[in-house]
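A quick write-up on the structure given underneath.
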Amino acid sequence: WTKNQLNLMTNVRTAGGVALGTQTDDTYDDSYAILQGNWGADYEIEGVVFRDPALPNSANPSHEIELLCRASDGVAAYQSYEIMFTSSGVVQGFRWNAPIDWSLLPDVGPGYGSEILDGDVLKARIVGNIITYFVNGTATATADISSISPQYNAGNPGIAFFTRPAVGGNTSRFGLKNVRVTKL
């Protein structure tokens, strides 16, 4: 796992076998880590949720786990397709275009709508121009990225986290216990 240390985003940390974020303010400086190696363009990334029992059952402040597809980074750039899973149950896709610039993916599907709980399994699968999002083996949405320009045709899987510490978010309460990537 790696992250370019010169860009504006923050690092992922581990504690007790759990991957967690490290943000200290409310800017969009998600903590991320990209898996190194040659994964090709088509794969799925899956992670098991760690959710501290003390995390409130509310949408605010936001606590996010993000699975990344075709991620890459540099000093002034960070790009990926991000599938966001919030503790309150929002599941949505984004394309990161630069350090602090993103756009929504054209999601289609029923969504999830229930809280993401400790032990839930989150997954993002990218094959060609289709990204499918899953919670506990059930597809919650699909995004066809063929109409998005520019497209990211290469890049590695990764993980990311976001919260709003200045309004009560706690980066130690929502993370991933383990992550598995499978080439397709």
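The values are calculated or read from the model by the stated rules, or taken from the named source; none is laboratory data. It should be emphasised that the depicted structure is a prediction, and the values quoted were computed from it without experimental measurement. Using ideal geometry, Cβ is built from the backbone for each residue, glycine included, and neighbour counts are taken over all protein chains shown. For accessibility, only protein heavy atoms count, side chains too; no ligands or nucleic acids. Shrake-Rupley method; radii C 1.70, N 1.55, O 1.52, S 1.80 Å.
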Calculate the FRET efficiency for D42 and A15 from the Cβ-Cβ distance with a Förster distance of 30 Å, rounded to the nearest 0.05.
0.40
What list of ³J(HN,Hα) couplings, whole Hz, do you get for the range 76-84 from phi and the Karplus terms 6.51, -1.76, 1.60, once you set θ to phi - 60° and write x for glycine and proline?
10, 9, 9, 9, 5, 9, 10, 9, 9
Report, to two decimal places, the Cα Rg of the range 1-152 normalised by 2.2 N^0.38 Å (N = number of residues).
1.00
Cut-off under 5 Å, modelled amide H: who pairs with A77 long-range:
none
Table column - 3J(HN,Hα) (Hz), the range 107-123, Karplus curve with 6.51, -1.76, 1.60, x for Gly and Pro:
5, 9, x, x, x, 10, x, 10, 4, 8, 10, 4, x, 4, 10, 9, 8
Tell me the relative contact order for the chain as a rounded percent, counting alpha carbon contacts under 8 Å between residues six or more apart.
34 percent
Need one number: % antiparallel among DSSP beta bridges in the range 7-108, to the nearest 5.
90 percent
Calculate one ³J(HN,Hα) per residue across the range 86-98 by plugging θ = phi - 60° into the Karplus curve 6.51 cos²θ - 1.76 cosθ + 1.60, and present them in order as whole Hz with x for glycine and proline.
8, 4, 7, x, 6, 10, 8, x, 9, 10, 7, 9, 6
For the range 1-82, what does the accessible surface come to per residue with a 1.4 Å probe? Please give it in Å².
42 Å²
Amide H of H63 versus every other amide H placed in the peptide plane: which residues, excluding those fewer than 5 positions away on the same chain, fall under 5 Å?
S87, S88
